[in-house]
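The values are calculated or read from the model by the stated rules, or taken from the named source; none is laboratory data. Note that the coordinates shown come from a computational prediction; the quantities given were computed from them, not determined experimentally. With ideal geometry, Cβ positions are generated from the backbone for all residues, glycine too; neighbour counts draw on all protein chains shown.
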């Protein structure tokens with residue numbers, strides 16, 4: 001009787017096994033997407049921690065430079081505007097763009113500071129500069145880790161057959177943390193005016 005059952009239901013048993021294998025694969029891919037999204041969110045939080053550290057240092061740098069380079073008010077205004085824009089950002093893309101604007105303004109400020117020997121000789125300015133450089137290095141590392149995780153997810157979302165699962169659950173690509181066009185430009189400082 002057992003042999004008779006197997007012969008009658010052979011196709012159904014095979015179909016059931018295939019369906020179970022596909023279901024486990026489907027669930028595994030979905031859980032992988034969830035894990036990758038959480039890893040990206042966690043890494044973004046690390047980027048934001050370092051950006052916040054930078055934003056906490058900027059007022060100290062500005063106050064140190066202000067006393068000596070009083071005529072450079074446009075740079076101070078650009079930094080303040082960029083910090084405000086970052087604080088008002090709600091998405092990762094908006095925050096990344098605002099952080100790029102901060103980088104651009106901050107690099108202009110540091111170029112200005114280079115042209116003031118009395119400022120460069122100030123111990124507090126040197127200490128702040130070293131701390132800021134360390135923070136910039138940390139930001140670069142955290143961004144790199146973030147972009148690596150984004151690449152991994154984006155590849156999973158694009159590759160077949162996981163792209164089907166991604167589209168079913170509305171899982172999309174994330175944006176990379178790119179350098180803004182302003183940050184790619186060399187700061188221009190003109191002291192002849």
Inspect all residues belonging to region 73-89 and state whether any of them is at pLDDT 75 or above and in a loop (DSSP other than H, G, I, E, B). yes
When you go through 138, 108 one by one, which is the residue that is modelled with pLDDT of 75 or more, assigned to a helix (DSSP H, G or I), touching a helix residue (DSSP H, G or I) at 6+ places or on another chain (Cβ under 7 Å) and surrounded by 14 or more Cβ atoms within 10 Å (Cβ to Cβ)? 138
Selection count where residues are modelled with pLDDT of 70 or more and over 16 Å from residue 60 (Cα atoms), scope region 115-135: 0
